[in-house]
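Read through the structure below, which is laid out as structure tokens, and then see the notes.
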Amino acid sequence: MRWLLSSLFFKSPFENLQKHADKVKECAVLFKKAAELHMQENYKEFEAITDDVAKLESEADGIKRNIRNHLPRGILMPVDKFQLFQYIREQDKVMDEIEETLFWLSFKKGSITEDLKENFLHLIDLVIKPVNLLSPLVNEARIYFKTHFDDDRNKVKAICRDIRQGEREADFVEKEIKQKIFKGISDAFLVFYLIRLTEYIGSIADHAENASDMMRAMIAR
């Protein structure tokens, strides 16, 4: 019973999971600001914000490692350890994709044509919506795993549905932008560049949805 007794004093990994989700939310705010600066051709400030994103991503990686490396063997947990690790992986991938998108964006100055700027800003707003829901998702999950009340479980499920809906809306706009790129741009290199940029942005929402799917699996009965 030694392992059982020790589990009573073990700090829940969901506390660090919440810290990680909050870092992801901070990163999403900086992502939008950086994209706007790039479209305004303010590349000096864009690079500064990109550096801030890299710092946040590094801090989040530290939290992720802390979660993975400090789960004692045999510890009692309200969720499967594998599912927890899958969740943190997908939540972390959100930040990875944000950093990768900004890296890709930095390759070509003035890459987003004037007639596409509004479309890209709209897509960015849409992918940020599900990302911003990850923090309240973790918070509501923490509450549920303490209470196991149906009402608290339903709150988690509701946020998962909102994240899924947000990803679908972003996916629809992503397809619209691709169609507009193919119809309005003749430069093959620019078409490739913008299509890939669109896919990078869309993948941010994809990983937010993947994280919510893992959370949905963790609260399943």
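Just a few scattered comments:
- The residue of the stretch 96-114 that is surrounded by the most Cβ atoms within 10 Å (Cβ to Cβ), among those that are part of a helix (DSSP H, G or I) and of a type outside the set (A, V, I, L, M, F, W, C), is T101.
- Flag for K157 being within 27 Å of E199 (Cβ to Cβ) and in contact (Cβ under 8 Å) with a residue 60 or more places away in the chain: no
- When K33, K117, K93 are checked against the criterion of being touching a residue at least 12 places away in the same chain (Cβ under 8 Å) and buried (at least 16 other Cβ atoms within 10 Å of the Cβ), K93 stands alone in meeting it.
- Test: N42 is surrounded by fewer than 16 Cβ atoms within 10 Å (Cβ to Cβ) and farther than 19 Å from S203 by Cα: yes
- Pick from the stretch 186-205, criterion within 18 Å of the chain's Cα centre (by Cα) and touching a residue at least 40 places away in the same chain (Cβ under 8 Å), ranking: surrounded by the fewest Cβ atoms within 10 Å (Cβ to Cβ): Y200
- Residues located in the stretch 133-174, provided they are touching a Gly at 6+ places or on another chain (Cβ under 9 Å) and either modelled with pLDDT under 95 or in a helix (DSSP H, G or I) (or both): E167, A170, D171, V173, E174
- Within the stretch 130-154, the set of residues being basic (K, R) and in contact (Cβ under 8 Å) with a residue 12 or more places away in the chain comprises R142, R153.
- The combined condition, being of a type in the set (D, E) and at pLDDT below 95, is not fulfilled by E26.
- Of all residues in the stretch 144-153, those satisfying the criterion of being surrounded by fewer than 13 Cβ atoms within 10 Å (Cβ to Cβ) and not β-branched (V, I, T) are K146, H148, F149, D150, D151.
The values are calculated or read from the model by the stated rules, or taken from the named source; none is laboratory data. As the structure is a computational prediction, the values presented were derived from the model and not from experiment. Cβ: placed from backbone, ideal geometry, glycine included. Neighbour counts: every protein chain shown.
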